[in-house]
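Each value in this text was obtained by applying a stated rule to the coordinates, not by laboratory testing. What you see is a predicted model, and the numbers here were worked out from it, not measured in a lab. Using ideal geometry, Cβ is built from the backbone for each residue, glycine included, and neighbour counts are taken over all protein chains shown.
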């Protein structure tokens, strides 16, 4: 088990992480619950997958204590149970900065109480040397691949900048679920919200202005013959990729389940509000 690494964020504070013996990133459950404003840590533990929980000695103000650390799968389960509006912003930080940082450096430099300055310096030199060697190898491999990947990258950039859109129906078909199920999932993930009109959704404030959707105005004929306007959503390629990410996290958290090759909302899974109402 590798030693502790602390990540700091101006909005969320500190989050401790370690690497398991299987080279898997693990997150301090206490820190996650504090950041996500989940008060009952013990109750949270009881609702997670036991195989994805590890106890590790952790330096604290009160001395060394054994704290619970959770794997990525359990991390997403905790996220889905949080009521905090900024939960998805926190998830973006972890997936876009924390995890890549862990996987790039591959090691930690944490001093111990009895380490001498010479010991700390020697460890720093060793980690720096290993990091530089690894980065050099990665750079050499990347340069070799660039020649072959240039046409593919150019095509990918064109796709992401494309003005064509994807509907909920087309994306749902890729995920082997109905459009109704997909919309319900995106509402649970706070990616979409209902507008109040039947069958209409809009993107939530957290995701507005990020290029995930584009409005699609359609005219339709009312029963009396007059023409009405319906505003639908079309997702950009960037939005489609984001929805696939949300879907994968929902599988890990148990929010959706597979039945005969199709995916459905897991109605046995309860949100924090539903759990609270059941205990009253």
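Remarks
- Cα centroid separation, the stretch 1-48 to the stretch 65-97 (Å): 8 Å
- Placing pseudo-labels 7 Å out from each Cα toward the beta carbon at residue 234 and residue 262 gives an inter-label distance of 2.8 nm.
- Gained length - residue 89 relative to residue 8, 0.36 nm times residue gap less alpha-carbon distance: 27.7 nm
- Taking a point 7 Å out from the Cα of residue 204 in the direction of its Cβ, the residues of the stretch 163-191 whose backbone N falls within less than 13 Å of it are 184-191.
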